[in-house]
1. Which residue, of LEU101, LEU112, is under 15 Å from the mean Cα position of the chain (by Cα) and not assigned by TED's automatic domain parsing to the domain that holds THR209?
2. Answer yes or no as to whether TYR177 is in a strand (DSSP E or B) and surrounded by fewer than 19 Cβ atoms within 10 Å (Cβ to Cβ).
3. Tell me which residues, restricted to region 118-142, are crowded, with 21+ Cβ neighbours inside 10 Å and within 19 Å of THR245 (Cβ to Cβ).
4. Quick check on my filter: what residues within region 167-195 are of a type in the set (A, V, I, L, M, F, W, C) and modelled with pLDDT under 95?
5. Only one of these is outside any helix (DSSP H, G or I) and within 29 Å of ASP172 (Cβ to Cβ): ALA53, ALA63, ALA108, ALA78. Name it.
6. Looking at this structure, is GLN93 free of Cβ contacts under 8 Å to residues at least 60 places away in the same chain and either hydroxyl-bearing (Ser, Thr, Tyr) or not assigned by TED's automatic domain parsing to the domain that holds THR209 (or both)?
7. Before we move on, is ASN115 loosely packed, with under 13 Cβ neighbours inside 10 Å and either farther than 29 Å from THR242 by Cβ or in contact with an Asp or Glu (Cβ under 9 Å, 6 or more places away or on another chain) (or both)?
Amino acid sequence: MQLRLFFKLLTLPLLTTLVAGAACSSTGANSGKSATANTAADDSVGFSQDSSADPAPAIERYAKILEKNPADANAREALKRLIDGPNPVSNEQSQRIREILRQYARAAKVSLVNNDEPGERLTVSGRVRNTAGQPIAEALIYVFQTDTNGHYTRTRVMNEPNARLFGFLKTDNAGHYEFNTIRPGGYPGAPGREGEQWRIPQHIHFQVTASGYQFRNFQMVFADDPRMTPYWHEWARKGNNTVVTVNRDNDSAQHVVCDITLQ
């Protein structure tokens with residue numbers, strides 16, 4: 001979603017979004033790990049980004065590895081590290097990396113964050129179905145969010161199109177998907193932007209496509225977020241954005257289930 005449109009959606013509660021009917025529940029998420037092949041491991045590791053390194057050759061090298069073996073997990077992780085590294089890639093290179101990861105998205109559990117990412121751990125899972133309740137296999141889901149501070153990138157707080165915490169994944173034959181992440185932070189705000197309408201809650205963006213169905217674009221927000229006042233609950237209701245209830249394990253890990261209906 002474009003930044004200008006997103007802010008328009010947030011500040012005009014009577015405006016509807018492109019999505020309708022995403023239904024979410026609060027049952028526990030599957031914890032099974034998906035196996036991925038690493039046949040190109042020797043080729044897909046070893047790139048070290050420094051202030052003088054141009055990542056473009058590495059990006060295309062990993063693209064060729066995935067072309068030969070779409071299951072190669074090392075190449076995927078290497079591409080994600082380029083975006084999430086201390087020396088950010090350009091916006092154009094960020095979009096190229098997303099294009100590659102989108103092209104080779106798989107029906108497997110993914111992680112939007114590495115082990116060192118600050119924040120409360122969260123697992124999101126669910127099923128994509130049609131209006132008859134039948135599962136939709138191979139639906140492509142793009143998710144992206146802010147970090148725990150409410151920033152999309154390390155250099156530009158509101159650079160939504162190039163958010164560093166993101167993932168592409170597909171549903172399996174049962175329409176199931178799952179990803180690991182952290183609880184995103186609400187937007188930090190800016191001088192001169194005061195009032196409830198600017199205290200934007202924690203949210204994760206979902207964009208869902210499947211052959212033969214309408215594109216879906218919505219945001220998932222959290223019922224236990226202190227920013228979810230009646231104002232924002234009304235915004236979610238009118239815009240068909242999804243409010244989820246969070247379940248917590250004994251180790252404080254958080255889980256939500258978000259089932260999505262496509263028309």
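The values are calculated or read from the model by the stated rules, or taken from the named source; none is laboratory data. These figures come from a predicted structure and were not determined experimentally. With ideal geometry, Cβ positions are generated from the backbone for all residues, glycine too; neighbour counts draw on all protein chains shown.
1. Details: LEU112 fails: not assigned by TED's automatic domain parsing to the domain that holds THR209.
Going through LEU101, LEU112 in turn, the sole match is LEU101.
2. Values: in a strand (DSSP E or B): yes; surrounded by fewer than 19 Cβ atoms within 10 Å (Cβ to Cβ): no.
It is false that TYR177 is in a strand (DSSP E or B) and surrounded by fewer than 19 Cβ atoms within 10 Å (Cβ to Cβ).
3. LEU122, THR123, VAL124, GLY126, listed by residue number.
4. Taking region 167-195 first, the residues of a type in the set (A, V, I, L, M, F, W, C) are 168-169, 174, 179, 182, 190.
ALA190 - this is the single residue of region 167-195 that is of a type in the set (A, V, I, L, M, F, W, C) and modelled with pLDDT under 95.
5. Numbers: ALA53 fails: within 29 Å of ASP172 (Cβ to Cβ); ALA63 fails: outside any helix (DSSP H, G or I); ALA78 fails: outside any helix (DSSP H, G or I).
The match here is ALA108.
6. Working: free of Cβ contacts under 8 Å to residues at least 60 places away in the same chain: yes; either hydroxyl-bearing (Ser, Thr, Tyr) or not assigned by TED's automatic domain parsing to the domain that holds THR209 (or both): yes.
Answer is yes for this residue.
7. Details: loosely packed, with under 13 Cβ neighbours inside 10 Å: yes; either farther than 29 Å from THR242 by Cβ or in contact with an Asp or Glu (Cβ under 9 Å, 6 or more places away or on another chain) (or both): no.
Here the answer is no, as ASN115 does not meet what is asked.
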